[in-house]
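The values are calculated or read from the model by the stated rules, or taken from the named source; none is laboratory data. In this text the structure is predicted, and so the values were computed from the model without any measurement. Cβ sites come from the backbone with ideal geometry, for glycine too, and all protein chains shown count toward neighbours. Ligands, DNA and RNA are excluded from the accessible area calculation, which covers all protein heavy atoms including side chains. Shrake-Rupley method; radii C 1.70, N 1.55, O 1.52, S 1.80 Å.
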Amino acid sequence: MKYDICVIGLGYIGLPTASVFATKGLKVLGVDVRPDVVATINSGGLHFHEPDLDILVKAAVQSGNLRAASTPASASTFIIAVPTPFTKDSNGAKIPDLSYVEQAARAVAPHVVAGSLIILESTSPVGTTEKVRDWVHEELARSGRVGSRLMVNRSQVADAHEPGTNNPEQTEAERRFPLLFAHCPERVLPGNMLKELVANDRIAGGLTPEAGRAAKELYQRFCTGEIFLTDARTAELAKLTENSFRDVNIAFANELSLICDKLGIDVWELIRLSNRHPRVKILQPGPGVGGHCIAVDPWFIVHSAPDVSPLIRTAREVNDGKPHHIVARVRKAAGKMKKPMIACLGLAFKADIDDLRESPAMEIAVALAKAGIGEVLAVEPHVKGLPDSLAKLPNARFCDAEEAVRCADIVVLLVNHRQFAGLDRALLRDKLVIDTRGVWR
Ligand code: SAJ
């Protein structure tokens, strides 16, 4: 059977995207390397929490339009939505890890036909869509589907062009076996994904104008926002720019919180008042910046242009430094107490979700438990038990919020989950409270 779309990677982006296309009547094959994820989705279930996504996935699977599998199959369009984490080089510098994208590109190659559209949705460093094209063509050559002697050296073709522009020239193989490549980054906010997936404006960046137009036409099947055409490199940098913009702005708020701690000023009041200026809109400080996007993507810019990105780098460093500052505050609060009970309220990377990836709250709870500053009573209403990195430590146990606060000497509010805002404040009396989110002011 030939599918309309084959989506590689059924995570936070791939699964909602596959499901929404399926509910619009397209035949979608979702591919994931994890057999448990494939089985869960085929039974109409969900392997992570996102409001209302369960209903969408169930509807998509029950309609018969969405099926999950472990390997790709023939389709008109391939969407790559796999992780792009960073790794460290031998000098400790953060560098993008494109191995999942490469694996996905090579895996779809046997299933493409002339005219297939291949879309990279994963947030990626500038130039990755071109790499996807080259990996696919390498596989085509390797398998003999285009004569390998036709694979002229692409770098020779590229040399003739201004670096940083999409190269309009094609290799002979590309002329004989035309494929359309585009980068169409997502912009959905975890916790509000379904609404934003449909309503947000999008960017479709083609390696060729034709590829951009084909991608735009596809997303118009469900996207009610405007879709802007550009080239792939601009689209790649636009996505990184959006998340870096937010990171820099949060870093400003976090730096203010450090200044206020030093000067004995309430940072929340300061920001509230400053924001009454018509052109000032300061974000909120917190225990640090988490998640798999904002804490990662700015590094992709820094990696590709290190000499000219000191602001973006420093913002990352300010935000990454914030968890250490909170640990130091807890240590100071513990003072000479012997093994105090420390309630850590929240482990997720932000409010009302279950995602612990790159979570500063987790980093803080683990650091407190490891340092043996006290006994950590970890509270996270959106997960079932202690995550592995805490479970293996002797000084940590899983609690519900009320029990943790009752037992605690020090209460550290790390995530502004709705449930914590409603906590009986009388329970906080006589406790040392460190509210990193300004919830209980
Ligand atoms: N945070 C603060 N203070 C704030 C706002 C956020 O400390 O004022 C923290 C949060 O607690 C969290 C982190 O920043 O730890 C990131 O949270 P977020 O809500 O700002 O963003 P994400 O990571 O959930 O989603 C972002 C969004 N990007 C932008 O808003 C520019 C989303 O639109 C992207 O689609 C997503 O990254 C992504 O997938 O790239």
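Numerical summary
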{"read-out": "Scattering curve values for the chain, log₁₀ I(q)/I(0), Debye with Cα scatterers, q = 0.06, 0.09, 0.10 Å⁻¹", "value": "-0.30, -0.65, -0.79"}
{"read-out": "Net charge of Cβ neighbours under 13 Å - reference P381; Lys, Arg +1; Asp, Glu -1", "value": "-4"}
{"read-out": "Pairs of Cα atoms farther than 34 Å apart, the range 3-232, %", "value": "14 percent"}
{"read-out": "Label point at V113 placed 7 Å out along Cα→Cβ; residues across the range 1-44 whose backbone nitrogen lies under 15 Å", "value": "1-6"}
{"read-out": "Lys pairs under 26 Å by Cα in the range 3-232, provided they are eight or more residues apart or on distinct chains", "value": "11"}
{"read-out": "Radius 13 Å from Cβ of G346, net charge of other residues (Lys, Arg +1; Asp, Glu -1)", "value": "-4"}
{"read-out": "Top positive-direction residue, dipole computed over the chain with Cβ charges, set Q220, N42, T129", "value": "N42"}
{"read-out": "S99 versus K2: modelled label distance in nm, points set 7 Å from Cα along the beta carbon direction", "value": "3.5 nm"}
{"read-out": "Percent of beta bridges antiparallel (DSSP, the chain, rounded to nearest 5)", "value": "10 percent"}
{"read-out": "Max mean-square fluctuation residue, GNM over the chain, Cα-Cα springs under 10 Å, options K336, K27, K239", "value": "K336"}
{"read-out": "FRET efficiency for S43 and K370, using Cβ-Cβ distance with R0 set to 41 Å, rounded to 0.05", "value": "0.60"}
{"read-out": "Accessible area (Å², 1.4 Å probe, nearest 10) - C407", "value": "60 Å²"}
{"read-out": "Cα→Cβ-extended label distance, 7 Å offset, between R176 and N275, nm", "value": "6.1 nm"}
{"read-out": "Formal net charge of residues neighbouring T128 (Cβ-Cβ distance under 12 Å; K, R +1; D, E -1)", "value": "-2"}
{"read-out": "Contour excess over end-to-end distance, with Cα ends at A421 and D261 and 0.36 nm allotted per residue", "value": "55.4 nm"}
{"read-out": "Most to least accessible of H137, H47, H303 (protein chains only, probe 1.4 Å)", "value": "H303, H47, H137"}
{"read-out": "Positive-end residue, the range 232-382 charge dipole about Cα centroid, Cβ charges, pick of P278, A333, A251", "value": "A333"}
{"read-out": "Kyte-Doolittle at least -0.5, axis length at least 24 Å by Cα - qualifying DSSP helices, the chain", "value": "232-263"}
{"read-out": "Accessible surface of the range 3-232, 1.4 Å probe, proportion on carbon and sulfur as whole %", "value": "51 percent"}
{"read-out": "Taking the range 184-241 and dividing mean pair separation by its residue count, relative contact order in percent (alpha carbons under 8 Å, at least six apart)", "value": "38 percent"}
